[in-house]
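K.L.:
Here it is, the structure in full.
Since every read-out is calculated from the coordinates, none of them should be taken as a lab result. Not measured: the values here are computed from a predicted model. No Cβ is skipped: glycine too gets one built from the backbone with ideal geometry, and neighbour counts run over all protein chains shown.
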Amino acid sequence: MPIDPVLISAYTTVNALGRGVAASLSALRRGEGALRRCDFDDALLETWIGRVEGLEDAPITGELAAFDCRNNRLAQLGLNQDGFAERVLAARESYGAERIGVFIGTSTSGILEAELAYRQRDPATGALPEGFSYRYTHNVFSVADFTCRRLGLTGPALAISTACSSSAKVFASAYRHLQAGLCDAAVVGGVDSLCLTTLYGFNSLGLTSAQPCRPWDADRNGLSIGEAAGFALLERTPADNTEGIMLLGYGESSDAYHMSSPHPHGAGATLAMQRALASAGLTAAQVDYINLHGTATPSNDASEDQAVIRVFGTRTPCSSTKGWTGHTLGAAGITEAVFACLCIEHGFIPGSLNTQRPDSRLLAHIVLATQEQSIGVVMSNSFGFGGTNCSLLFGRKPP
Amino acid sequence: MKALYVNGIGVLGPGLGGWRESAAILKGTRVYRYEPLPTLTANLLPANERRRTTQVIKLVLNVAQEAMEPADVEVQRVYSVFASSGGDYEVMDKICMALTLAEKPVSPIHFHNSVHNAPAGYWTIAATCSMPSLSLSAYDHSFSAGLLEAATQVLVERASVLLVAYDYPSTFPLAEKRCLYAPFATALLLSPARTTQSQAKLMVTLTSQDTEDRLDEAPLERLRTGNPAARSLPLLQAIARGSAHRVILPYLANRQLIVEAAP
């Protein structure tokens, strides 16, 4: 039985390409990426990052000031774009605050605040500085808590933290809460911000590239880390709505293979894509474009390529948008879900930026330059450490 | 929401060494005495993975294994939900300390163990289970949020779901900012249908009209309030008593979960 499609009645993104969907749309169409040499804090790493401008000058003030940290600043910036917060407030008027759920993905939340606090430990006692609030900054739930309070929502809320699939899985969790009758609408989102833990952590595993990341390229040698916030408002689809973009399906799986390496033949990724198609009641041939996870590490792309070929063959157009934004980790799912909505709404396939010489051993049909064409259904893939996989399907209501 | 069934239980905490012993304590036929956790192992895992595990991961694997032992469902078919307020504080501490040093020598093993879904990753490897797994936090209300998520999975996906709630105290200096009383973890195997292994039937609803249940015995109440995963204890007590009970668990923003537990 296919799932009941869920209407995406509002969506927004802030990432290195800029604030709001218009900035991403115009960059994706013009072919202008946003990666730059790492200039974050005192990180001395030969790598490139997708950094959001202006967070240093956008503190959280007023009654939510305790939440002030880079990650929640990014969340605040995201909620303020594209009239998203206003759309949610209008939904709150009609459904009631306690009937709207909040489902936010993040991998590291505000850990940067803890990193900074550890540098400022008391030289005599080793104690952390008084001003450091673990609960409202570093803790995983902080960003979901902030989102609830900023929007005045009191429905079911949780932070999903499954590494790089976090903000893809929020769609599945929100769908289930809607179906179970625990809420009538849901704010889903993902927020992850630059920090030294991920920059040095991925570096320690040899997974960061010294160049801008090149997904599917023969010379690809690692990822570029980015930061982003994205949100979407989900509602049950009114019977007469045939125009809106919807979540058509989702598929989740586990690799059960290794903590930080993907299954060599993409077994878990294959299952996630197959389950997504089954939950949407669609065949592979009905998918017009696949937004790949495409991190540009040699093993990730090779694994995903095998999975895509197994499920779709070699004809479905694919690209990774990590070359534009960097890998935004726990925010990658929502960022690329928003890109999927933009592709459907505006009719285009983003190219795989920085990919110059596609790896001849990889067989998926990689789109190198952005092309304008009508798009009905998009699959978006998100896979993470711990072997956690999630594939989503977006499109207009099936006839 | 429709009913779900508890078909397996695991418990591990100070003086609570497994479900059978914990059930006797919770229904009052055995005296509770605080004792530190025994040394935990991770025998489920292949040797190369076992070497990389932390106390938190071992705690999780032990309760998960206990809940699955009597199960009449294949472990490879079971979904999983992992609920923890803050994950592995000790690993976070090690990474933050490393980042204060000039070369910032973050250990790759600490880094992959630092993800909130690290225990979930090890569990799926140990169980060779490719079913969906979700790791979440709702700070002090993570058990209730996990129970809701697991319940929606049981009812919407028509799947058996292993819910694991766990929290492990941090050490200095983080302990001054996040103080947990003792390690505690519980695992519930939840299913859409009654089986011969069913220990309880649960009906879960949301309310804002009630106040959370407390435990009569002071040392257990201290554990309940001192570890978010131990907020589950009133529910475990109701199951242990084996008669119909209405349990009120704390949830977000002055809301509560009503769990109607019946044999």
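K.L.:
If the viscosity is 0.890 mPa s and the temperature 25 °C, what Stokes-Einstein diffusion coefficient in µm²/s follows for segment A:191-320 when Rh is the Kirkwood radius over Cα pairs?
P.N.:
Translational diffusion coefficient: 146 µm²/s.
K.L.:
Using square roots of five times the C-alpha gyration tensor eigenvalues, list the equivalent-ellipsoid semi-axes of segment A:132-218 in whole Å, biggest first.
P.N.:
Equivalent ellipsoid semi-axes, largest first: 31, 19, 10 Å.
K.L.:
What angle do you read, to the nearest 10 degrees and between 0 and 90, between the alpha-carbon axis of helix B:55-68 and the longest principal axis of chain B?
P.N.:
30
K.L.:
Can you give the longest run of chain B that contains no GluC sites (Glu not before Pro) sitting in a DSSP loop with at most 11 other Cβ atoms inside 10 Å?
P.N.:
After excluding every exposed loop site, the longest remaining stretch is B:104-263.
K.L.:
Still on this structure: Quick one: longest stretch of chain A between exposed loop GluC sites (Glu not before Pro), exposed meaning at most 16 other C-beta atoms within 10 Å and loop per DSSP?
P.N.:
A:244-399
K.L.:
Further question on the same structure: Given R₀ = 30 Å, what would the calculated FRET efficiency be for B:Thr41 paired with B:Glu221, taking r from the Cβ atoms and rounding to 0.05?
P.N.:
After rounding, the FRET efficiency stands at 0.50.
K.L.:
Treating only the Cβ of Lys, Arg, Asp and Glu as charged (+1, +1, -1, -1), what charge dipole size does the protein assembly as shown show about its Cα centre? Round to the nearest 20 debye.
P.N.:
Dipole magnitude for the protein assembly as shown comes out near 1000 debye.
K.L.:
Charges only on Cβ, +1 for Lys and Arg, -1 for Asp and Glu: so what's the dipole of segment A:6-396 about the Cα centre, in debye to the nearest 20?
P.N.:
With only Lys, Arg, Asp and Glu charged at Cβ, the dipole is about 600 debye.
K.L.:
Here's a follow-up. Which whole-number percentage describes the relative contact order of chain A, with Cα contacts under 8 Å and a sequence gap of 6 or more?
P.N.:
Normalised by residue count, the contact order of chain A is 23 percent.
K.L.:
Also, quick follow-up: Stokes-Einstein at 20 °C, 1.002 mPa s, Kirkwood radius from Cα pairs: D for segment B:16-84 in µm² s⁻¹?
P.N.:
The calculation lands on 151 µm²/s.
K.L.:
Go ahead and estimate [θ] at 222 nm for the protein assembly as shown from helices alone: -39,500 (n - 2.57) per DSSP H run with n ≥ 4, summed, over the residue count, rounded to 500.
P.N.:
-9500 deg cm²/dmol
K.L.:
Show log10 I(q)/I(0) for chain A at q = 0.06, 0.08, 0.11, 0.12 Å⁻¹, two decimals, from a solvent-free Debye sum over equal Cα scatterers.
P.N.:
Once normalised to I(0) and log-transformed, intensities are -0.20, -0.37, -0.71, -0.85.
K.L.:
Right, something else. Is the C-alpha gyration tensor of segment A:1-140 telling us rounded, prolate or oblate? Criteria: a/c under 1.5 is rounded; beyond that, a/b larger than b/c is prolate, otherwise oblate.
P.N.:
oblate
K.L.:
Give the residue from A:Val170, A:Ser133, A:Ala117 lying farthest towards the positive end of the charge dipole for segment A:6-396; charges sit on Cβ (+1 for Lys and Arg, -1 for Asp and Glu) and the dipole is referred to the Cα centre.
P.N.:
Result: A:Val170.
K.L.:
Something else now. So which trypsin sites (Lys or Arg not before Pro) in segment B:190-257 end up in coil per DSSP with only 15 or fewer other C-beta atoms within 10 Å?
P.N.:
Listed in order of number, the matching sites are B:Arg194, B:Arg214.
K.L.:
Evaluated at 4 °C with a viscosity of 1.567 mPa s, what Stokes-Einstein diffusion coefficient in µm²/s does chain B have when Rh comes from the Kirkwood expression over alpha-carbon pairs?
P.N.:
Rounded, D is 70 µm²/s.
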